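Novice: A single structure is presented below for examination.
Any read-out appearing in this document is the output of simple, stated calculations on the displayed coordinates, not a laboratory observation. This one's a predicted model, so the numbers in the text were calculated from it and none came from an experiment. Here the Cβ positions follow ideal geometry from the backbone for every residue, glycine too, while neighbour counts run over all protein chains shown.
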Amino acid sequence: MTSNQTYSFFLGCVMPNRFPNVEASIRRVLPELGIELEDLEGASCCPAPGVVRSFDEPTWLALAARNLALAEMAGHDLLTGCNGCYGTFKETLAEIREHPQRMKEVQAVFKGLGIKFKGNVDAKHLTEVINDIGPENIAEGVTRSLEGLKVAVHYGCHLLKPSSNRPWEKTHRPVFLDRIVEATGATSVKYKDKFMCCGAGGGVRGSQVAVSVDIAKEKLDNAIDAEADCILNVCSFCHLQFEASQMQLNKEAGEEKYNLPVIYITQLLGLAMGIDPVELGLHKHMIDTQPLLDKVLK
Amino acid sequence: MANKISRETIESNAMDSEFVDRIVEAGADRIRTCIQCGTCSSVCPSGRRTAFRTREIIRKALLGLKDEVLSSPDLWLCATCLTCLERCPREIKVTDAIIIMRNMAVEEGFMLPQHRKTSQKLLETGHAVPINDANRQMRKELGLKEIPPTVHSSKKALADVKKIMERTGFRKLIEGQTEEEQE
C-alpha cells in the first residue's frame with residue numbers, strides 16, 4: 001500500500017499485561033498497512049503521566065528518556081498505541097529539548113548503564129501513522145465494508161492535548177479519527193461530550209474508582225443514546241476503562257445493563273480488511289463483541 | 001436557625017508566600033495571572049460529579065495555603081484530561097500546576113495508599129501494571145510471546161530500571177515513607 005516504515009513498538013503496561021488481544025490486533029493489522037514493528041526489548045512502564053509523573057517528575061522523565069533511548073539506539077522512531085504513553089513521550093521530548101539542563105540530569109542518571117541518548121528520536125501514536133497513510137488509501141484496502149455499523153468514536157485526552165505539543169490541526173473538534181473510521185464504510189455517530197475524558201487517567205481509576213467509573217458511565221450512556229453499536233478507542237487505558245467499567249456497573253446493578261462492545265482502532269480496521277475476528281482478539285473481550293460481529297459478518 | 005454566622009479567617013501563619021513561587025519555578029509560570037473566572041472548574045469531568053473545584057485549588061495555591069492544598073484528597077481527583085489547560089483564558093498550565101502540587105504533596109508524605117501500591121509495583125517489576133497468570137495464558141492463546149518482550153523478559157533491563165529509580169530517589173521516596181508509616 002505504501003513504502004514500508006519500521007518502528008520500535010512500545011507496549012507499555014496495560015496493553016501487553018491486560019489486553020494482549022489489542023496488542024495482537026496491532027501486530028496483525030499494521031504490517032498490512034506497510035508499517036513494520038520491531039519489539040522494543042527491555043522497555044519499562046512509560047511511566048504513566050498521571051500517576052508516576054504526579055509522584056516524582058524526575059523519575060518519570062528519566063524512565064521515559066530510557067525508553068526513548070532504547071528506540072534511538074535501535075535506529076527507529078518509537079510507536080505507541082496508548083494515549084498515556086504517547087503523552088509521556090511527547091512531553092519528555094519537549095522537556096529535554098527546551099531545557100538542556102534536564103537532558104544533562106537524565107544523562108547523569110544513565111551513567112555507567114550503557115544508555116546513549118541524544119534526544120533525536122521521535123515518538124508517534126499509531127493513529128498518527130495510520131492518518132498519514134490516509135483515509136483514501138485505507139478505503140482502498142477495504143474488502144469487507146462495515147456499512148451500517150454505527151461507531152461512537154472516543155479520541156481520549158493525551159492524543160490531542162496539550163495541543164501546543166501535538167501534530168494535529170489546531171481545533172477543539174478534530175475529525176481525523178472519524179475519517180479513518182468512516183473509511184471502513186462505518187458511520188461515526190454524533191454523541192454528547194464526545195471529547196470528554198474516559199475518567200481513567202490521573203490516578204483517578206486507581207484511587208477513586210467510583211468517580212472514575214461514573215465518568216465512564218456518562219460517556220457510555222451518551223454513546224448508547226446515540227444508538228452506537230460500539231465505542232471505538234485508540235488507547236489501551238481508555239479501552240480498559242470502558243471494558244472494566246461496564247463489568248463493574250453490571251455487577252453493581254445485578255443485571256447485564258451495559259453491553260456496548262469496546263473496539264480498538266486496529267480491530268475495526270482489521271475487520272474491514274477481511275481479517276478473521278479471532279486473529280484480532282475479538283473473542284477475548286470482557287464485553288461480548290458478538291452482536292457487533294453479527295452485524296459486520298452478515 | 002443559628003444565631004450567628006461564624007467568620008472564617010485565614011491566619012497569616014497558614015499562608016506560605018513561597019508556595020506559589022515553587023509552582024511558578026516548576027513550570028506553571030502564569031498561575032499568578034489567574035482571574036478566578038472558573039472556566040477550569042466548568043470543563044472538569046471530575047468536578048461535574050464531585051465537590052472538586054479546580055478554581056478553588058488555584059486560589060488556595062495563590063494564597064499560599066500550602067498545607068491545606070497538599071493534604072487535600074481533592075488534589076487527586078484530577079484525571080489530567082488537560083481540558084482546563086486548553087481552555088484557560090489566561091493560558092495557565094493548570095494541569096501542570098496540579099501535577100507540581102502533587103509532587104510536593106508526595107514529598108511531604110501525602111500519598112494515597114493505592115498510589116503507593118502502584119509505585120511499589122513499578123519499583124519491583126518495572127511495570128506499574130505487571131503481567132499476571134490469566135494474561136500470560138491469554139498471550140499464549142493469541143500466539144504472542146507468553147512473557148512480553150519488555151523489562152519482564154530481561155534481567156539486565158530490570159536491573160537498569162531499578163538502578164535509575166535508586167538514583168532519582170524514587171525508591172527512598174516510596175519505601176522510606178512506608179517504613180516510617182509502619183513504625
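Novice: Mind checking which lysines have their Cα closer than 17 Å to the Cα of A:Lys295? Skip sequence neighbours fewer than 8 apart in that chain.
Specialist: A:Lys150
Novice: What is the average number of partner chain Cβ atoms found within 10 Å of a Cβ in A:56-64? Write out the running numbers ahead of the final one.
Specialist: On the way: counts 11, 8, 5, 12, 4, 1, 6, 8, 0.
What the average comes to for A:56-64 is 6.
Novice: In percent, what relative contact order does the stretch B:113-156 have, based on Cα pairs under 8 Å that are 6 or more apart in sequence?
Specialist: That works out to 28 percent.
Novice: Can you give me the P(r) profile for the stretch B:1-96? Cα pairs, bins 5 angstrom wide beginning at 0, each as a whole percent.
Specialist: 2, 13, 22, 23, 19, 11, 6, 2, 2, 0
Novice: Taking the Cβ of A:Ala223 as the center, what net charge do the other residues with Cβ under 13 Å away carry, scoring Lys and Arg +1 and Asp and Glu -1?
Specialist: Net local charge, A:Ala223 excluded: 0.
Novice: Give me the count of lysine pairs in the stretch B:109-183 whose alpha carbons sit under 17 angstrom apart, restricted to pairs 8 or more positions apart or on different chains.
Specialist: Total qualifying Lys-Lys pairs in the stretch B:109-183 comes to 10.
Novice: Assuming R0 = 35 Å, can you tell me the calculated FRET efficiency for the pair B:Lys163 and B:Asn132, based on Cβ-Cβ distance, to the nearest 0.05?
Specialist: Values: r = 26 Å, r/R0 = 0.73.
E(calc), rounded to 0.05, equals 0.85.
Novice: To the nearest 0.05, what FRET efficiency results for A:Glu38 and B:Ala14 with a Förster distance of 56 Å applied to their C-beta separation? Before the final figure, lay out each step's value.
Specialist: On the way: r = 55 Å, r/R0 = 0.99.
Plugging the Cβ-Cβ distance into 1/(1 + (r/R0)^6) gives 0.50.
Novice: Given a Förster radius of 41 Å and the C-beta distance between A:Ser163 and B:Ile147 as r, what FRET efficiency does 1/(1 + (r/R0)^6) yield to the nearest 0.05? Write down the numbers at each step before the final one.
Specialist: On the way: r = 38 Å, r/R0 = 0.92.
About 0.60, to the nearest 0.05.
Novice: Now for a different question. Could you check the simple spin-label distance between B:Lys140 and A:Lys170, using points 7 Å along Cα→Cβ, in nm with one decimal?
Specialist: Simple spin-label model gives 5.4 nm for this pair.
Novice: If you don't mind, another one. Roughly how crowded by other chains is peptide B:131-142, in terms of the mean Cβ count from those chains within 10 Å of each of its Cβ atoms?
Specialist: 4
Novice: Taking a cut-off of 13 Å between Cα atoms, list the aspartates and glutamates near A:Lys217, but don't count ones fewer than 8 places away on the same chain.
Specialist: Once the sequence-local aspartates and glutamates are set aside, what remains near A:Lys217 is A:Asp193, A:Asp225, A:Glu243, A:Glu252.
Novice: Using alpha-carbon positions, what is the distance between the centroids of the stretch B:4-27 and the stretch A:67-101, in Å?
Specialist: Their Cα centres are 37 Å away from one another.
Novice: Something else about it: What average count of beta carbons from other chains do you get within 10 Å of the Cβ of residues in A:90-99?
Specialist: 0
Novice: Pairs of Cα atoms under 8 Å, at least six residues apart: use those to get the relative contact order of the stretch B:76-183, whole percent. Could the numbers behind the result be given before it?
Specialist: Numbers: 56 pairs, mean separation 20.2, N = 108.
Relative contact order, the stretch B:76-183: 19 percent.
Novice: Using only C-alpha atoms and all pairs of different ones, pull out the Kirkwood radius for the protein assembly as shown in Å with one decimal.
Specialist: Averaging 1/r across every pair of different Cα atoms and inverting gives 23.2 Å.
Novice: How far is the Cα center of the stretch A:102-161 from the Cα center of the stretch A:237-262, in Å?
Specialist: 27
Novice: What is the spin-label model distance, in nm, from A:Glu98 to B:Ile5 if the labels are put 7 Å beyond Cα along the C-beta direction?
Specialist: Result: 4.3 nm between the two label points.
Novice: Something else now. Pick from A:Asn131, A:Asn120, A:Asn67: which residue has the top mean-square fluctuation in a GNM of chain A where Cα pairs under 10 Å get a spring?
Specialist: Residue with maximal mean-square fluctuation among A:Asn131, A:Asn120, A:Asn67: A:Asn120.
Novice: Something else about it: Given the C-alpha atoms of the stretch A:136-200, compute the convex hull and give its volume per residue in Å³.
Specialist: Numbers: hull volume 6.7 nm³, N = 65.
Spread over its residues, the Cα hull of the stretch A:136-200 gives 103 Å³ apiece.
Novice: So if I take the centroid of the Cα atoms in the stretch B:45-97 and the same for the stretch A:7-40, what is the distance between those two points in Å?
Specialist: Each part's Cα centre sits 35 Å from the other's.
Novice: Taking the Cα atoms of the stretch A:170-237 alone, what are Rg (to one decimal) and Dmax (as a whole number) in Å?
Specialist: Spelled out, the Cα radius of gyration and Dmax of the stretch A:170-237 are 13.3, 40 Å.
Novice: With every atom except the alpha carbons ignored, what do you get for Rg and Dmax of chain B, in angstroms?
Specialist: Reported Rg and Dmax, both Å: 20.9, 73.
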